[in-house]
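The values are calculated or read from the model by the stated rules, or taken from the named source; none is laboratory data. Given the structure is predicted, the values throughout are model-derived calculations rather than measurements. Neighbour counts are summed over all protein chains in view; Cβ atoms, including those assigned to glycine, are modelled from backbone coordinates with ideal geometry. For accessibility, only protein heavy atoms count, side chains too; no ligands or nucleic acids. Shrake-Rupley method; radii C 1.70, N 1.55, O 1.52, S 1.80 Å.
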Amino acid sequence: MHDAAAPLRAALKEHKLFIDGQYAPATSGKLFDKFSPVDGTLIARVHEAGLEDVDRAVKAARAALAGPWGRLTAKARCDLLLDLSQRIAARSDDFLEAEVADTGKPRKMAAELDIPRGAANFAVFADIIKNLGSEFYDTPTHDGLGAINYGVVRPKGVIGVISPWNLPLLLMTWKVGPALACGNTVVVKPSEETPATATLLGEVMNDVGIPPGVYNVIHGFGPGSAGEFLTRHPGVDGITLTGESRTGEAIMQAAAVGLRDVSFELGGKNAGIVFADADLDKAIEGTLRSAFLNSGQVCLGTERVYVERPLFEQFVARLKEGAEKLVIGAPGDPGVNLGPLISKEHQRKVLSYYEKAREQGATVVTGGGVPVFGDARDDGSFVEPTIWTGLAEDSAPIREEIFGPVCHIAPFDTEEEAVRLANDSEYGLAAAVWTENLARAHRVAPRLEVGIVWVNSWFLRDLRTAFGGSKRSGIGREGGVHSLEFYTERSNVCIKL
Ligand code: NAD
Ligand code: 6OD
C-alpha cells in the first residue's frame, strides 16, 4: 500500500514561541496539536501563547524599536534584509519541508512559488526603501521669500501581523518584509494550521544578525487566544491581517480601541470573464490554474466563470477535460497537481457547498466528492476538483467564498452583462479577463470593482504594484511604495525661508 505520509512522519515537531530572539515555551503551559492534511497523523505540538507571552513579545518589539534596530540607517537595515532574503533562499530546502508538512501542498508548487516569494518579499522591499526619495514643494509666500515643504516618513511602531494558512510563508513575509524595511518591529501570529515556517524564520533572523525583538512569533488561535490578545494589546500600533472577511470585522473592533490603524487583505469571490474572442487554449489553461491551484485555496482564485454564449459549451467541455487530468495526491507523488485541503474542518466546509450546490439544482460537470486512494491518504482532507453549471446567481455557492477547488460556469450574451455579473458580489478582490481584443480589455478592466484585474493571465505578480481588495475583500493597498501608507507615519516639514 502506498504510504503517502511516511516522509512526514519522521519526527514529531515541537514549535515554541520566538520572543526577543529566543525560542521559549508558552508560559500558559498549553500546547495544541497540528495534524497532517495528507493522512491526518499528528505531526507537531505547538505552544499556545497566553496573555503574558503576548505581552512579553509586544514589549520586546517595543524595546527593539528604541534599541539598535531603531538606530540603524535605512541602508544598513535594508542590507540586513537583503542578507536575510539570501539566507532564506540558501535554506529553501528546510523551508520547503516545513511548508509542505504543514499544508500538504505539492512540493513542486511550494518550491516554485511559496519559498522563493518568501525570500523575494524581503529583497523587493529592502530595495524600494533603500532607494526611496521624498516629495518636495517650493511654496510661494506674500513676502516673496517663500517656503519649502518636504515629506519625511518614520516607522509606525510595533506591527501585529496576523496571517493565514494557504500560502503561509509567502503571505506572512509579504507583510513582515515591508514592515521591517520601513523600520518597524513585528509580532507575528501565524495561522494555527501552519506554525512551522514562521517559527523557522526566527532562526534565520538570528543568523543574519537582525537584533532580538525585531521579529517575534506567538502561536495560537484567534478569538480568546493569541490572535485576540495581540490585536487587543495597547502596545501594538497597527494591525495587518490576511484572512477571512469576518476576521477583519472582529479585528477592526479590537483596533478601534486606541484608534489603531488596520490593513486588511480578506476574502474573495472572484470572477473570470471569457469572451468569445479569447484564445481558448490560454483561457482554459489560465482558468484551470485560477480555479484549482493550491486546491483552490488562493484568495485570488476564480470561483465564478462567465463565458460568452458562443463559446460556452466548448469551454465547459475543455475545462472538464483539463480538471479530470489533474493528479490529486501527496506532496511528492509523481506529477501531483492537487494536494489536500488544509484540514478536516475545511474539508467539511467545502463538502457542505458541494452538497448545497447539488440540492440547489447544479449540474455537476465533474467532481463533487472525495477521491478514494485505498491507502493512508483516505484519512487526509482531499476533495475532488469540481465544476458546476446551472446554479442561480443568488444561490449560496455563487455568493459565498468556498476556498476550495471548485468553480461555477455560466453563459453571458453582452459585454455589459458580463461586467454586471462580475460586479454583482459583496467581494471585490480580483478578476481575470480573457480576450484577444485590446480595446475590449481596456474598456472592461477599469469597470470591474476589484483591486486587481488580470487580462489573459492570473496571479502574475509584480511586487511593486498596489495589491488589495475593495468591498468585503479588504482595506488598504500593500505593495511597492503603496506599503508606506500603512507601515509608516508621514510628516510634512514646512520651512519658511
Ligand atoms: P482566518 O480569518 O480564519 O484566519 C486568519 C488568521 O486570523 C489566523 O492566524 C487566525 O488565527 C487569526 N484570527 C482568526 N480570528 C481572529 C480574531 N478574532 N482575532 C485575531 N486573530 C484572529 O483565515 P484563514 O482561514 O486562515 O485563511 C483563509 C481566508 O483568508 C480566506 O477567506 C481567504 O480568502 C483569505 N485570504 C485573503 C487573502 C488576500 O490577499 N485578500 C490572501 C489569503 C487568504
Ligand atoms: O502575491 C501576493 O502578494 C499576495 N498577497 C497573494 C495573495 C494570495 C492569496 O491567497
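Things to note:
- Contact order, relative form, for the range 161-244: 36 percent (alpha carbon pairs under 8 Å, 6 or more residues apart, mean separation divided by residue count).
- Cα gyration tensor, the range 83-163 - rounded (a/c under 1.5), prolate or oblate: prolate
- Distance between modelled label sites at residue 426 and residue 457, nm, 7 Å Cα→Cβ extension: 3.3
- Net charge in the neighbourhood of residue 495 (other residues with Cβ under 15 Å of its Cβ; Lys, Arg +1, Asp, Glu -1) is -2.
- Cα gyration tensor, the range 414-497 - rounded (a/c under 1.5), prolate or oblate: prolate
- Cα gyration tensor category, rounded, prolate or oblate, for the range 197-258 with a/c compared to 1.5: prolate
- Summing Lys and Arg as +1 and Asp and Glu as -1 over all other residues whose Cβ lies under 14 Å from the Cβ of residue 367 gives a net charge of -2.
- Each peptide in 130-140, 484-494 receives the mean, over its residues, of other Cβ atoms within 10 Å, and ordering these scores from highest gives 484-494, 130-140.
- Lysines whose Cα lies under 18 Å from that of residue 105, excluding same-chain neighbours fewer than 8 positions away: 34, 325, 344
- For the range 270-462, fraction of C-alpha pairs farther apart than 25 Å, in %: 31
- The chain - Kirkwood radius from inverse mean 1/r over Cα pairs (Å): 23.6
- When you count the other C-beta atoms within 10 angstrom of each residue and take the mean per peptide, 25-31, 384-390, 75-81 line up highest first as 384-390, 75-81, 25-31.
- With contacts taken as Cα pairs under 8 Å at a separation of at least 6 residues, the chain carries a relative contact order of 19 percent.
- Taking every full run of DSSP H in the chain, the ones that stretch at least 20 Å from end to end by Cα along their long axis and average -0.5 or higher on the Kyte-Doolittle scale are 51-66, 74-90, 115-130.
- Across the range 431-441, computed HN-Hα scalar couplings (Karplus, 6.51 cos²θ - 1.76 cosθ + 1.60, θ = phi - 60°) run 8, 10, 10, 10, 7, 9, 9, 4, 4, 5, 4 Hz from first to last residue, x flagging Gly and Pro.
- Against the rule of thumb 2.2 N^0.38 Å, how large the Cα Rg of the range 350-446 comes out: 1.31
- Length-normalised contact order for the range 352-430 - Cα pairs under 8 Å, 6+ apart - percent: 27
- Counting protein heavy atoms only, the range 270-462 has 50 percent of its accessible area on carbon and sulfur, 1.4 angstrom probe.
- Net charge of neighbours whose Cβ lies under 11 Å from the Cβ of residue 158, counting Lys and Arg as +1 and Asp and Glu as -1: +3
- Excluding ligands, DNA and RNA, the accessible surface per residue across the range 24-149 is 46 Å² with a 1.4 Å probe.
- The chain, helix-only ellipticity at 222 nm - DSSP H runs n ≥ 4, -39,500 (n - 2.57), divided by all residues, nearest 500: -11000 deg cm²/dmol
- Stokes-Einstein D in µm²/s, Kirkwood radius over Cα pairs - the range 237-328 at 10 °C with 1.306 mPa s viscosity: 102
- Residue-normalised accessible area of the range 270-462, given per residue in Å² at a 1.4 Å probe: 38
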